[in-house]
Amino acid sequence: MTTSLRVPYITAWSEETVPHPLGFAWSDEAAGLRLTYADPQPQDWMYGVLWARQGLSAHGRPEWKLVNTLRQRRCMLHRLCQVCGASAVDPVSGRISWLLADDPSGKPGTAGYTNAPPTCPSCIPQALASCPRLRRGAVIYAVGDCEPYGVVGDMFEPSGRRGVVQIQRNASIPLDAFQRLERALAKQLLVVLNDLHRAPTPRETR
């Protein structure tokens, strides 16, 4: 028997790949060389870092292990569910429903930062059922607020022969690390979660 899995909203699709030749160019804003595209557009940058270009067609085959950069960032900024794309904010309390793979309760202050977007209560049972890692120790929180902290991105350096050379993959870079941001290609937004309250596991509805 085969089971049809729902493709999460943030999952990348094979036909969403967009070629983006990279290079370094002088930037007055950075007062030095900054990573850029061959055909830079103003919308390529946010928070002082260059973002990976990606389509939004949701066509082709789902790339289960990859995240669509634009949809992940949209979920973080607009508090949208990473599974269905609808709001993850409770209309009564105003709190955001968040499913975390690791329990951050032992960390002082906040939960630290995460690249996992919210998950609305309706989608939590499905997420738990389909992801072995979540089943091993996920924790559900009703979050008071979140704010951008940094990015997950690849680091590059100028190269005389090839123009650019990649020196690090999937680095976590805070938004105040300005010199590192100038040499990074951001792929996911990191946010800090504040005012966390433990929440019960919602029952699956049919």
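Annotations for the structure displayed:
- All of (1) without any contact (Cβ under 8 Å) to a residue 12 or more places away in the chain; (2) of a type in the set (Val, Ile, Thr); (3) in contact with a Pro (Cβ under 6 Å, 6 or more places away or on another chain) hold for residue 191 with one exception: (1).
- Within the stretch 46-65, the set of residues being hydrophobic (A, V, I, L, M, F, W, C), open to solvent by 50 Å² or more (accessible area, probe 1.4 Å) and at pLDDT below 95 comprises 56, 64.
Every residue, every condition in (1) of a type in the set (Asp, Glu); (2) over 28 Å from residue 27 (Cβ atoms); (3) exposed (fewer than 14 other Cβ atoms within 10 Å of the Cβ), yes or no:
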position	(1), (2), (3)
85	no, yes, no
115	no, no, no
122	no, yes, no
131	no, yes, no
150	no, no, no
178	no, no, yes
183	no, no, no
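- Remark: pairs (first residue in the stretch 165-176, without any contact (Cβ under 8 Å) to a residue 40 or more places away in the chain; second residue of a type in the set (S, T, N, Q); Cβ separation under 8 Å; 6+ apart in sequence or on different chains) = 165/159.
- Identity of the residue in the stretch 152-174, in contact with a Leu (Cβ under 7 Å, 6 or more places away or on another chain) and open to solvent by 40 Å² or more (accessible area, probe 1.4 Å), that ends up nearest to residue 188 (Cα to Cα): 172
- Qualifying positions in the stretch 166-206 - closer than 15 Å to residue 118 by Cβ, modelled with pLDDT under 95 and not aliphatic (A, V, I, L, M): 194, 195, 197, 202
- Candidates in the stretch 185-200 are the residues that are over 14 Å from the mean Cα position of the chain (by Cα) and of a type in the set (D, E, K, R); of these, the one that is surrounded by the most Cβ atoms within 10 Å (Cβ to Cβ) is 195.
The values are calculated or read from the model by the stated rules, or taken from the named source; none is laboratory data. The structure presented is a predicted model; accordingly, all values stated were derived computationally and were not measured. Please note: Cβ atoms are built from the backbone with ideal geometry, for glycine as well, and neighbour counts cover all protein chains shown. Surface areas here come from the heavy atoms of the whole protein model, side chains and all, with no ligands, DNA or RNA. Shrake-Rupley method; radii C 1.70, N 1.55, O 1.52, S 1.80 Å.
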